[in-house]
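In what follows, a structure is listed as structure tokens, so that the remarks can point back to it.
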């Protein structure tokens, strides 16, 4: 087992060295072009010499304020479906209509029973063992609910990640992924885990929008979900420029366009929420628990090339559209890199699969059950899967 782990670590280290060599020159040029408006935004792209940051971690500045998604969509009408995507609904207001409207779910946590109930103000969670009882308000619901949702509780100005999460397949509560199975000894511990300030900031930056101001989080300003300005930066300067008489002919440097990033940096932008290779190596999570961390899994693939735009996250997933769930829909993405059957492979095209001509992902990106998640995640480690093979990491 030790030898296997050392091999995996060595492979990851080599990959990072390769990424640095390929990406540094391209990334520096792209950054100089993209971020002429503020040094704070320049600092968010680091060409892998430090932990990658993104526009969502800087937020608005004195010179550039949030305008809101309605303002963005008034011009970008072709992207009007974005608010209804999984990203757009990454966080929900617990008092909003339809959010667990008739909810009364429970979860047994040691001696405590934890219940989620709908009240006039929104949602609340209660933990009780018959002697001690504690009820806390749910301030935010994190997750669209496609697979599950976790609840953000508050007590005395501090946020707690709920110990119990909602899972769609069981239509009930169960232990939140990552929480210890040891029985809690207090009602507060049965309800959730206290989140350090830095973790709170990370949670909000990936689930809400329009609440970061020069790197400082203001939860009172949080807008549910990942909206336009979460990824593209505060848009007031851009809105003024585009409404004026001297609109730029090309890209507007006052707004961040991820499409201009080098492929490796683009994956790291997605990975700032979906986890990068660095995140996994730092966390030490080297088992099936990291199947959820798609950028990391993708970069394990033999075919991964940090300079090839055909194997970035957005090559297959449009962040402005709902996730494609049809396996056939991804065949065209595979054929961007692989020759069709009967065609000769070349410098730009790898050999065709000898076994099938469609539904490539069903064999090469299998769905794997994550214990405790009540959900099968698509493994983005592209590979030839052998029967009964152990989880490769």
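Overview of results
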| quantity | calculated |
| --- | --- |
| For residue 188: the one exception among (1) modelled with pLDDT of 95 or more; (2) assigned to a helix (DSSP H, G or I); (3) buried (at least 20 other Cβ atoms within 10 Å of the Cβ) | (3) |
| Qualifying residue in the range 159-176 (condition: at positive phi and in a loop (DSSP other than H, G, I, E, B)) | yes |
| Residue list for the range 239-258, filter: under 23 Å from residue 319 (Cα atoms) and free of Cβ contacts under 8 Å to residues at least 24 places away in the same chain | 250, 252, 255 |
| When residues of the range 131-170 are limited to those that are free of Cβ contacts under 8 Å to residues at least 12 places away in the same chain and surrounded by fewer than 15 Cβ atoms within 10 Å (Cβ to Cβ), the one farthest from residue 95 (Cα to Cα) | 131 |
| Matching residues in the range 354-367 - criterion: being in contact with a strand residue (DSSP E or B) (Cβ under 9 Å, 6 or more places away or on another chain) and within 15 Å of residue 301 (Cβ to Cβ) | 360, 361, 365, 366 |
| So residue 267, is it closer than 23 Å to residue 229 by Cα and part of a loop (DSSP other than H, G, I, E, B) | no |
| Residue satisfying condition, being under 30 Å from residue 81 (Cα atoms) and more than 24 Å from the chain's Cα centre (by Cα), within set 351, 336, 329, 357 | 336 |
| All strands (runs of 3 or more DSSP E) inside the range 76-150 with 2 or more residues being under 24 Å from residue 194 (Cβ atoms) and under 23 Å from the mean Cα position of the chain (by Cα) | 133-142 |
| Complete set of residues in the range 225-260 that are assigned to a loop (DSSP other than H, G, I, E, B) and touching a helix residue (DSSP H, G or I) at 6+ places or on another chain (Cβ under 6 Å) | 227, 233, 235, 252, 254, 255, 256 |
| Residue check, residue 350 touching a strand residue (DSSP E or B) at 6+ places or on another chain (Cβ under 6 Å), surrounded by fewer than 15 Cβ atoms within 10 Å (Cβ to Cβ) and over 19 Å from residue 295 (Cβ atoms) | yes |
| Some residue of the range 224-246 being surrounded by fewer than 17 Cβ atoms within 10 Å (Cβ to Cβ) and within 30 Å of residue 135 (Cβ to Cβ) | no |
| Matching residues in the range 127-144 - criterion: being under 17 Å from residue 224 (Cβ atoms) and in contact with a strand residue (DSSP E or B) (Cβ under 7 Å, 6 or more places away or on another chain) | 137, 138, 139, 140, 141, 142, 143 |
| Residues of the range 331-346 that turn out to be without any contact (Cβ under 8 Å) to a residue 12 or more places away in the chain, in contact with a strand residue (DSSP E or B) (Cβ under 9 Å, 6 or more places away or on another chain) and surrounded by 14 or more Cβ atoms within 10 Å (Cβ to Cβ), as a count | 0 |
| Pick from the range 173-182, criterion surrounded by 15 or more Cβ atoms within 10 Å (Cβ to Cβ) and over 13 Å from residue 195 (Cα atoms), ranking: nearest to the chain's Cα centre (by Cα) | 177 |
| Failed condition for residue 224, given (1) modelled with pLDDT of 95 or more; (2) within 15 Å of residue 63 (Cα to Cα) | (2) |
| Residue check for residue 200: part of a helix (DSSP H, G or I) and at pLDDT 95 or above | yes |
| Condition check for residue 325: touching a helix residue (DSSP H, G or I) at 6+ places or on another chain (Cβ under 7 Å) and either free of Cβ contacts under 8 Å to residues at least 24 places away in the same chain or surrounded by 15 or more Cβ atoms within 10 Å (Cβ to Cβ) (or both) | no |
| Test: residue 300 is surrounded by fewer than 19 Cβ atoms within 10 Å (Cβ to Cβ) and out of contact with any strand residue (DSSP E or B) (no Cβ under 7 Å at 6 or more places or on another chain) | no |
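Residue by residue, here is whether (1) over 20 Å from the mean Cα position of the chain (by Cα); (2) under 22 Å from residue 82 (Cα atoms) holds:
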| position | (1), (2) |
| --- | --- |
| 211 | no, yes |
| 223 | no, yes |
| 236 | yes, yes |
| 278 | no, no |
| 284 | no, no |
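The values are calculated or read from the model by the stated rules, or taken from the named source; none is laboratory data. Source: prediction; values computed, not measured. Virtual Cβ from ideal backbone geometry, glycine too; neighbours counted across all protein chains shown.
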